[in-house]
1. Select from segment 22-60 the residues that are of a type in the set (V, I, T) and either at pLDDT below 95 or in contact with a His (Cβ under 9 Å, 6 or more places away or on another chain) (or both) and list them in ascending order.
2. Looking at (1) surrounded by fewer than 16 Cβ atoms within 10 Å (Cβ to Cβ); (2) within 13 Å of the chain's Cα centre (by Cα), which is the only condition V33 fails?
3. State which residue pairs qualify: first residue at pLDDT 75 or above and inside segment 90-103, second residue in a loop (DSSP other than H, G, I, E, B) and not hydrophobic (A, V, I, L, M, F, W, C) in any location, beta carbons under 6 Å apart, and separation of 6 or more residues or different chains.
4. Could you please find all residues in segment 48-66 being touching a residue at least 12 places away in the same chain (Cβ under 8 Å) and more than 20 Å from P6 (Cα to Cα)?
5. Looking only at segment 41-97, filter to residues that are β-branched (V, I, T) and either exposed (fewer than 11 other Cβ atoms within 10 Å of the Cβ) or touching a Lys or Arg at 6+ places or on another chain (Cβ under 8 Å) (or both); which one of those is nearest to C29 (Cα to Cα)?
6. Output the number of residues of segment 1-59 satisfying the condition of being closer than 25 Å to V94 by Cα, of a type in the set (V, I, T) and not in a strand (DSSP E or B).
Amino acid sequence: MLSLRPNCEHCNIDLPANSEQAKVCSFECTFCVSCADDILKNCCPNCGGGFQFRPIRPSMDFKDGNYLGRYPAQVDRLYKPVNITEHVKFAERVLDLKFTQEK
């Protein structure tokens, strides 16, 4: 189950459970759209994977107790700004690897 982390790891902006501005990688590293797209260039600085929009967990119990009240969002914040210079080098290597694999 997604932990629904409460903030962008890079810029620390709030990303509440109902935010449409949250993106995650397959390891649930969480970034805002601006950081994920514009700064990180769709390359997670922690694993090299791409990002997808984080789904929104319903706030109401529509079926079988599967909702935010029963499964709340994480409250612990993870704030570790990315070293942009290092990330550019990392992302270039990762993106070249992805490009090579697609051939």
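1. Hit for segment 22-60 is I39, nothing else.
2. (1)
3. Final answer for the pair search is A91/K41; V94/G48.
4. Start the filter on segment 48-66 by keeping residues that are touching a residue at least 12 places away in the same chain (Cβ under 8 Å), which leaves 48-57, 59.
Selection gives G48, G49.
5. Initially, segment 41-97 is screened for residues β-branched (V, I, T), giving 56, 75, 82, 84-85, 88, 94.
If we keep only those that are either exposed (fewer than 11 other Cβ atoms within 10 Å of the Cβ) or touching a Lys or Arg at 6+ places or on another chain (Cβ under 8 Å) (or both) as well, we get 75, 85.
On the way: V75: 14, T85: 20 Å.
This residue is V75.
6. Adding up the residues that qualify gives 2.
The values are calculated or read from the model by the stated rules, or taken from the named source; none is laboratory data. Quantities reported herein were computed from a predicted structural model and do not represent experimental measurements. When we count neighbours, we look across all protein chains shown, and the Cβ atoms used for this are built from the backbone with ideal geometry, even at glycine.
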